């Protein structure tokens, strides 16, 4: 008898404690918390009431949360205006400086202090700036041609041939493109100042310093990897059948490259060419150091602009005018080629 | 025009052997088709003739010259490609004249020959179109014109009709035959479509796994296949095969027995395991078999599925009593099924019990292990002679 009692006792105890728990209901939190919790249900009502008290900023924020596209549009305009100002304002300022007569340069506030369009003529009178421009043009063009020819051959090999070591070689090209150009400068400058007998008929003193080669050679090498990558991508996408057809019809592999593959990769070639041209045209480091700055020694535009800086005066207005003139050829080039560049940079993967 | 001779051509890609010791000769003016399943090495073999692929071993001769190491442009070959491979940046005239302009012909001569070639493939008035503006058939005709304009010694055609729709393909097939007759040219043609191979070629070279299986005129390949692969590959639908054992006085397969006298058949002896091969059209209903000179004993069967094709009806026969037709089994190789083709006016329906006989003169026996053909036709008397002389290629 004791055992059953012992058994029932705890059971009753638990039951009673359970019922006790429920029975204490009045002091317990209600089973549905949303009904009575002070924060839960009331927030919405507060929100609507507060509408009237809001300032314009709060109102805008609240609208933005419900209509996020307004924020995106606002961000677009902010970003676009920011980039437009940072890129175009310097040109605007250059123009103002160029148009301001010499001697009144310190008072420019958004409009030129005077009007002197003659500065654009004067730049050619003070120094032979057209020769500097010509030099730059020749150097950029020569580098572009060298880059396109060699990168085409490399791109053909990397893009269309299977050979052992292709990937390591490709990586090597990539690694070299990451070297800082300054690392090449001292050995190259030393090399270009060394006199070689076989160069004497070409350069006079047998060195490459003060010749376009001193610029074309290193600049071509530096901008080559990018061109190789662009052209590799394009050439690899030309169907094998077209090359085979050209070869059966009577071209060599090289002939097929120049007659079929390159014409069909025109956007890629244009992209690589324009990028190289602009990069070489704009390059500072080697351009500044590989010649002595004299126009007859193939000094590029950079040296021309700096040549307005004399020992006793700096012709800022002419420097500004020369800078604007120097930008024009590249601007024209980009406008002409932009369609090809865009399709070359983006549509490469879509070619058949 | 020239002969083409391949001597022991082998091509390996690393460990893979794409072409394995192929030797063959294409006569002057002959139309030879390389046929075989995908990846059998037929395109690679053709590319070694074109010079687009260097063979790992072996020599290629065109005419009397060893051209193994010559560049494609110096071989006097022209090629028509499966993907047509017109130069998309050139118009039709420039495409056709591409090869001529690389050589020293004067403009007048180039124009004359281009117009002549365009005439042959019926492309008049389209010379200033761009390839993208043309239909597939027109593009392929430009491709053919580009090949014939140089008047090459050898034409290589790598599945030129594969990308065309079915109707156009049949049309171009006849055009190519006409072209072959007009030009009297040596043509090597690659296809996986045996209808093209059968209809156009003087001889068919059947390839499998990089090896040449048989090179013979189409009907010889059809009637006297040199091995089981050729027998199964040539002909559509495929030949029926049944494994069996030669016993005294007959051949026993799992479902039927065929009388034969092993002593009168060369290469066959009692206790050999052989594969019997019979084409669907050589299986006959017993009630229509009166005209057969040498029918086998009737075989009990039940019809399973009928495929009316219009000009004929394919009947899938089940041989074993309790066997159901199965999706998994290829009727050509399943031991319990037999494919028969009958004329459409035959009274037959699915699920019917029928008696069939085989035409003994059309029964092929293959070695069950090697697949090599042993006998074509087991009528017994003239059988050995007709069977002993398949055009051996290996």
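Remarks
- With viscosity 1.306 mPa s and temperature 10 °C, the Kirkwood radius over alpha carbon pairs of the range B:1-122 converts through Stokes-Einstein to a diffusion coefficient of 97 µm²/s.
- In terms of overall dimensions, the C-alpha atoms belonging to the range A:99-210 reach 68, 40, 25 Å along their principal axes, ordered largest to smallest.
- Choice from B:19, B:230, B:354 with maximal GNM fluctuation in chain B (Cα, 10 Å cutoff): B:354
- Mean per-residue shielding of peptide B:83-93 is 4, counting Cβ atoms of other chains within 10 Å of each Cβ.
- Note on A:261-267: average number of Cβ atoms from other chains within 10 Å of each residue's Cβ is 1.
- Calculated [θ] (222 nm, deg cm²/dmol) that DSSP helices of n ≥ 4 give over chain B, each run adding -39,500 (n - 2.57): -6500 deg cm²/dmol
- Diffusion coefficient, µm² s⁻¹, Stokes-Einstein with Kirkwood Rh over alpha-carbon pairs of the range B:210-282 at 25 °C and 0.890 mPa s: 183
- Comparing mean-square fluctuations of B:170, B:206, B:49 from a GNM of chain B with C-alpha springs under 10 Å, the top value falls on B:170.
- Dimensions of the range B:52-135 based on its C-alpha atoms, expressed as ranges along the principal axes with the largest first, amount to 46, 29, 22 Å.
- With eigenvalues of the C-alpha gyration tensor scaled by 5 and rooted, chain B, Å: 46, 24, 17
- Its convex hull of Cα atoms gives the range A:266-321 a direction-averaged projected area, equal to a quarter of the hull surface, of 5.2 nm².
- Gaussian network model of chain B, springs between alpha carbon atoms under 10 Å - residue of B:94, B:224, B:15 with greatest fluctuation: B:15
- Distance (nanometres) between label positions extended 7 Å along Cα→Cβ at residue A:334 and residue B:65: 5.5
- The range A:148-208 - Debye-derived log10 I(q)/I(0), Cα point model, q = 0.21 Å⁻¹: -0.86
- Cα-based Rg and Dmax for the range B:59-103, where Dmax is the largest Cα-Cα distance (Å): 13.3, 37
- Dividing the Cα radius of gyration of the range A:173-260 by its Kirkwood radius returns 1.18 for Rg/Rh.
- Förster radius 45 Å - calculated FRET efficiency between residue A:71 and residue A:288 (Cβ-Cβ, nearest 0.05): 0.50
- Quarter the surface of the alpha carbon convex hull of the range B:188-231 and you get the mean projected area, 2.9 square nanometres.
- For B:40, B:221, order by how many other beta-carbon atoms lie within 10 Å, fewest first: B:40, B:221
- For the residues of B:98-107, the average number of beta carbons from a partner chain within 10 Å of their own beta carbon is 3.
- P(r), alpha carbons of the range A:217-325 - 10 Å bins starting at zero, rounded %: 13, 29, 22, 17, 12, 5, 1
- Based on every Cα atom in the range A:67-107, Rg and the maximum pairwise Cα distance Dmax equal 16.7, 54 Å.
- Over the range B:266-313, the pair-distance histogram of Cα-Cα distances with 10 Å bins from zero comes to 16, 41, 31, 10, 1 percent, rounded to whole numbers.
- Degrees, to the nearest 10: B:92-102 long Cα axis against longest axis of chain B: 70
- Modelled label reach - residue B:28, point 7 Å along Cα→Cβ, the range B:134-160 residues with backbone N closer than 19 Å: B:151-156
- Three semi-axes describe the equivalent ellipsoid of the range B:155-268; taken as square roots of 5 times the Cα gyration tensor eigenvalues and ordered largest first, they are 37, 15, 12 Å.
- Per the Debye formula on identical point scatterers at the alpha carbon atoms of the range A:119-350, with no solvent, log10 I(q)/I(0) at q = 0.13 Å⁻¹ is -0.88.
- Taken over the protein assembly as shown, the convex hull of the Cα atoms encloses 444 Å³ per residue.
- In terms of packing, defined here as the mean over residues of other Cβ atoms within 10 angstrom, the peptides A:239-252, B:296-309 line up highest first as A:239-252, B:296-309.
- Debye log10 I(q)/I(0) at q = 0.14 Å⁻¹ for the range B:4-229, Cα point scatterers: -0.87
Where a number appears in this text, it was derived from the coordinates with a stated rule and is not lab data. Worth saying up front: this structure is predicted, and the values here are computed from it rather than measured. Neighbour counts are summed over all protein chains in view; Cβ atoms, including those assigned to glycine, are modelled from backbone coordinates with ideal geometry.
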